[in-house]
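Engineer: Next up is a structure, given as structure tokens.
The values are calculated or read from the model by the stated rules, or taken from the named source; none is laboratory data. None of these values were measured; they are calculated from a predicted model. Here the Cβ is made from the backbone with ideal geometry for all residues, glycine too, and neighbour counts use every protein chain on show.
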Amino acid sequence: MTQSVVVQVGQCGNQVGCRFWDLALREHAAVNKKGIYDEALSSFFRNVDTRSGGDGPDIYKGKIYSLKARALLIDMEEGVVKEILQGPLRDVFDSKQLITDVSGSGNNWAVGHKLYGYQYRENIVEKLRKTAEHCDCLQCFFIIHSMGGGTGSGLGTFVLNLLEDEFPEVYRFVTSVYPSGEDDVITSPYNSVLAMKELNEHADCVLPIENESLFDIVNKIHQMINFGKLGSTVKQNSLVTSSAGSAKTVQEKPFDAMNNIVANLLLNLTSSARFEGSLNMDLNEISMNLVPFPRLHYLVSSLTPLYTLADVNVPSRRLDQMFSDAFSRDHQLIQADPKHSLYLACALLVRGNVQVSDLRRNIERLKPSLHFVSWNQEGWKTGLCSVPPVGHSHSLLALANNTCVKQTFIELKDKFMKLYKKKAHLHHYLHIDGMEQSCFSEAISSLSDLIEEYNELDATKGGPRMDPSRLQIAV
Amino acid sequence: MSIVTVQLGQCGNQIGHEVFNAICSDVRGTHGLCSKKENESYHDACKERFFSEEESEVPVARAVLVDMEPKVISQTLSIAARSGYWKYDVGSHFCQKQGSGNNWANGYSVHGPRHKEVIMNLVQKEAEKCDRLSGFFTIMSMAGGTGSGLGAFVTQCLRDAFPTSFILNHVIWPYSTGEVIVQNYNSVLTLSHLYQSSDALLVHENDVIHKICAQLMNIKQISFRDVNQVIAHQLGSVFQPTYTAESDSHYSRNPLGDLMETLVPHPEFKMLGLRNIPQMPENSLAYSTFSWPGLIKHLRQMLIANAKMEEGIDWQVRPPRLGSSIPSSHSTNKPPHFNTSIANLVILRGKDTHSADLGSFRDPSLYPSWLSPQDAFKAWKTPRAFNKYEKSATLVSNSQFLLKPLDNVVGKAWNMFASKAYIHQYTKFGIEEEDFLDSFTALEQVISSYTIL
């Protein structure tokens, strides 16, 4: 069994991360009734005997003493991390896993990446090494951050770079929250594009998330709960929106529900690696199957169900609805419609009491309405995990490498160009040591190239299929 | 003589476990429909092949379990032990932590060499437990990373370490609508490499077994376990003891050797398909009766029409009439869908097998002109019924059965290769474009050989 380390950077990263750890504990608590520290738990948690005060040695087997998250919390201002450490999750984090400063990054990528990056490099490396040492077999780093600000965006991508240098064999999965349409940070386009270059070059897989989509989803669920469809009731203690039953007792912050969705994404992504199933799907398989060309590693994700019905014995029809939903526009975590764009590859990770025939039936059913690239007509990667998420009898995570993601990038580029043409706010960046005009031009060029690659693939869509001729063998 | 089973990857281990289950349950069953003496011989022969005697009462499977991540093996070991009827040797497994990531190159070039010594030591240990070793039976899927890549490497090592033993690879063909996106690459690499070191490849296609589960076994929500149990039943019907032409009073001692001798006359032709009839849900067995002529007629038509199961057989397909003077095998007279065979083996189990007439399988029109049906066809029989079926007929065929699936897989892989998609994932671990081209060439050769039969 392998371990993964979560690196949460910046306000957004830490808030999402916090939800993730809360939900992870709940999920394992629901599955692990005996309180034995098992391999599934060890993928994200260490087991430490803290009775002797301070940090005891790791305990690999037997009873659970004190679980410590395999995480690094990084923020250049103290507020968010402090709140986490005063909250109910304080025991899950080790003070040695934190890196904080006081003044923040001022929504400036250059401050996060160049200034703080340089300043904290050694500190970060040392803490990463320590965390890695506690792992028997470290497989993956999960970075959680936002693109629009300064710390998550700048320092977050600095850490990404660092991870590639220091741990080249370990996978780097990045969950990036892209700025929404009505984002109030003026410089978010600069920050996002500068960060994109780093993601292009150093990440193995990126899961882009847009706040607008999360917001729409949360609204939909609230409507269902409040107005309920005819003849159905909605389970309210589903982990998706509600933190009820979890560690929080204060009133929920507005972003909590949205962050829960992202946290669930990460839980579902790693479920088949942690729990058993008839067709396992490990993290290295996700990267292998969904990234046909090194730079095209942006995966559009969707989660279903987002609510559950009261009756547990869901007949097949409802199960099929789950599959249909996964491909609908409203369930995607970015503002995109993969159904009308071109699929390069698609992965379906099912949890719960679902069998291979259900999977096959639904793939057959949905295939005709989806466009797959000519060289990957049956490009499906499937996984079956027997353990369902808390509060549901089954769930589905769909990850698509689809050209619809280019829309997000095109909009980003447009917003960037609007500012850049007028050289607005550039001086804030350029006066940071290590920043030059070329950083900007290289970044936008990298983004343009990426968009172009997607365009080229789109151009092949719907065209006549020219299968290359086969090798001829002399008889 | 004994067979050592090597279970590779998730698929290999899940199926392997069902195979031992099926064999053990058949031997334990009271539906042998034969004399006590017969039953005892059968029991002893089966035990010799698949299980070793330990101090404990429970027979221990002669198997080595290999996987690059621990979950499946630990599940398999514990479920087997819990049954109380048989178990695995707890020392006979090897696993790592991280899996092969569906990457053939990772399985073959990284995990293979790295763990060669440990794995071969385990195999050696099992082999030494056998009084006489018939050979190795490896179970793997082609689609993933461990079964396919590491499996190909291990097969090579087995060939090097045991040059005189037989190696039969049981290969699972993935669903054609995709379980793994790079499955076609992995399949092409696996098949081309296995062809070099293995004696024969016995193939099961997930699509076919799935249909059997749906249409014949009437299973509503088909799980991999259901699929694996059908596969295990079919394999059991091949490997359980039988009498060959050599002796009808002693069960054959060399199952793998007999199989190879019969079915693989030429190293260019190693692809074996399997058909077993009848297949039905257990609770229907009591209400069904079969006759040998009926079963044999169906089986033969399944052979020549390339039918995957006993429903939906195309009875229009007929062998070409002999007497027309076509000297070479490049016959244009053969009807398009007619399945030509290199060699066939029919195994009959159950009541009154002595009365069964297999003459129709000796029809020369089934085979190319350069083969004599006397050499190309063999029959094995036993009066001991298998797995609660009063009568059961199995066909193992070296024929054009797998030509179309093979051609499809190579076609899709080539299509993807032309766009260079995913190649960087393989070159990262040392498999270059040239290696791909070599594999493609090798398989086009195989396709060509089978096509011109």
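Engineer: How many residues, within the stretch B:352-367, are in contact (Cβ under 8 Å) with a residue 60 or more places away in the chain, in a loop (DSSP other than H, G, I, E, B) and surrounded by fewer than 17 Cβ atoms within 10 Å (Cβ to Cβ)?
Structural biologist: The number of residues fulfilling the criteria is 2.
Engineer: Which is more than 20 Å from residue B:311 (Cα to Cα), part of a loop (DSSP other than H, G, I, E, B), hydrophobic (A, V, I, L, M, F, W, C) and within 14 Å of chain A (Cβ to nearest Cβ), of B:181, B:219?
Structural biologist: B:181
Engineer: Tell me, which strands (runs of 3 or more DSSP E) lie completely within the stretch B:1-98 with 1 or more residues that are within 14 Å of chain A (Cβ to nearest Cβ) and over 19 Å from residue B:233 (Cβ atoms)?
Structural biologist: The qualifying strands (runs of 3 or more DSSP E) are B:63-67, B:93-95.
Engineer: Just name the residue that is nearest to the other protein chains (Cβ to nearest Cβ) out of those in the stretch A:338-361 that are in contact (Cβ under 8 Å) with a residue 40 or more places away in the chain and among the basic types (Lys, Arg).
Structural biologist: A:361
Engineer: Test each condition in (1) in a helix (DSSP H, G or I); (2) more than 22 Å from residue A:21 (Cβ to Cβ) for residue A:184 and report the one that comes out false.
Structural biologist: Going through the list (1) in a helix (DSSP H, G or I); (2) more than 22 Å from residue A:21 (Cβ to Cβ), residue A:184 breaks only (1).
Engineer: Kindly provide the set of residues from the stretch A:1-54 that are surrounded by 15 or more Cβ atoms within 10 Å (Cβ to Cβ) and in a strand (DSSP E or B), ordered by number.
Structural biologist: Once the filter is applied, which keeps residues that are surrounded by 15 or more Cβ atoms within 10 Å (Cβ to Cβ) and in a strand (DSSP E or B), the stretch A:1-54 yields A:3, A:4, A:5, A:6, A:7, A:8, A:9, A:45, A:46, A:47, A:48.
Engineer: Right, another one. For residue A:364, are the conditions met, namely being part of a loop (DSSP other than H, G, I, E, B) and either farther than 29 Å from residue A:22 by Cα or facing chain B (nearest Cβ under 7 Å) (or both)?
Structural biologist: no
Engineer: Continuing with the same structure: Is it the case that the stretch A:433-456 has a residue that's over 25 Å from the mean Cα position of the chain (by Cα) and within 14 Å of chain B (Cβ to nearest Cβ)?
Structural biologist: yes
Engineer: Inside the stretch A:362-378, can you point out the residues that are among the basic types (Lys, Arg) and touching a residue at least 12 places away in the same chain (Cβ under 8 Å)?
Structural biologist: Across the stretch A:362-378, the qualifying residue is only A:365.
Engineer: Across the stretch A:56-86, what is the number of residues that are β-branched (Val, Ile, Thr) and part of a loop (DSSP other than H, G, I, E, B)?
Structural biologist: Residues that pass the stated criteria total 2.
Engineer: Next question, about the same structure. Go through (1) assigned to a helix (DSSP H, G or I); (2) buried (at least 17 other Cβ atoms within 10 Å of the Cβ); (3) away from chain A (no Cβ under 14 Å) and name the single condition residue B:406 misses.
Structural biologist: (3)
Engineer: Give A:112, A:117, A:149, A:156 a once-over and let me know the one that is of a type outside the set (Phe, Trp, Tyr) and in a loop (DSSP other than H, G, I, E, B).
Structural biologist: Residue meeting the stated conditions: A:149.
Engineer: Can you name the residue in the stretch B:417-432 that is touching a residue at least 60 places away in the same chain (Cβ under 8 Å), in a loop (DSSP other than H, G, I, E, B) and buried (at least 18 other Cβ atoms within 10 Å of the Cβ) and, of all such residues, is farthest from the other protein chains (Cβ to nearest Cβ)?
Structural biologist: B:431
Engineer: When the residues of the stretch A:55-108 are narrowed to those that are more than 28 Å from residue A:150 (Cα to Cα) and aliphatic (A, V, I, L, M), which ends up surrounded by the fewest Cβ atoms within 10 Å (Cβ to Cβ)?
Structural biologist: Out of the qualifying residues, it is A:59.
Engineer: Next question, about the same structure. Could you pull out the residue among B:168, B:150, B:122 that is farther than 27 Å from residue B:405 by Cα, touching a strand residue (DSSP E or B) at 6+ places or on another chain (Cβ under 7 Å) and either in contact (Cβ under 8 Å) with a residue 60 or more places away in the chain or outside the structural domain of residue B:425 (by the TED database) (or both)?
Structural biologist: Going through B:168, B:150, B:122 in turn, the sole match is B:122.
Engineer: For residue B:414, only one of the following conditions fails: (1) buried (at least 20 other Cβ atoms within 10 Å of the Cβ); (2) in contact (Cβ under 8 Å) with a residue 60 or more places away in the chain; (3) within 14 Å of chain A (Cβ to nearest Cβ); (4) part of a helix (DSSP H, G or I). What is its number?
Structural biologist: (2)
Conditions tested, residue by residue: (1) over 18 Å from residue B:385 (Cβ atoms); (2) in contact with a Lys or Arg (Cβ under 7 Å, 6 or more places away or on another chain); (3) free of Cβ contacts under 8 Å to residues at least 12 places away in the same chain.
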position: B:240; (1), (2), (3): no, no, no
position: B:255; (1), (2), (3): yes, yes, no
position: B:275; (1), (2), (3): yes, no, no
position: B:280; (1), (2), (3): no, no, no
position: B:287; (1), (2), (3): no, no, yes
position: B:305; (1), (2), (3): yes, no, no
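Engineer: Looking at the stretch A:66-88, which of its residues are under 21 Å from the mean Cα position of the chain (by Cα), hydrophobic (A, V, I, L, M, F, W, C) and within 21 Å of residue A:131 (Cα to Cα)?
Structural biologist: Scanning the stretch A:66-88 gives A:69, A:71, A:72, A:73, A:74, A:81, A:84.
Yes/no per residue for (1) within 22 Å of the chain's Cα centre (by Cα); (2) at pLDDT 90 or above:
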site	(1), (2)
B:309	yes, no
B:316	no, no
B:320	no, no
B:326	no, no
B:370	no, no
B:380	yes, yes
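Engineer: On the basis of being farther than 18 Å from residue B:203 by Cα and among the hydrophobic types (A, V, I, L, M, F, W, C), does residue B:307 make the cut?
Structural biologist: no
Engineer: The conditions are (1) at pLDDT below 90; (2) assigned to a helix (DSSP H, G or I); (3) within 14 Å of chain B (Cβ to nearest Cβ), and residue A:378 fails exactly one of them. Which is it?
Structural biologist: It is condition (2) that residue A:378 fails.
Engineer: Starting from residues that are hydrophobic (A, V, I, L, M, F, W, C) and in a strand (DSSP E or B), keep the ones in the stretch A:381-400 and report whichever is nearest to the other protein chains (Cβ to nearest Cβ).
Structural biologist: Of everything passing the filter in the stretch A:381-400, A:384 is nearest to the other protein chains (Cβ to nearest Cβ).
Engineer: Now a separate question. I'm checking my understanding of the structure. Among residues of the stretch A:276-300 that are among the polar types (S, T, N, Q) and over 19 Å from residue A:450 (Cα atoms), which one is surrounded by the most Cβ atoms within 10 Å (Cβ to Cβ)?
Structural biologist: A:289
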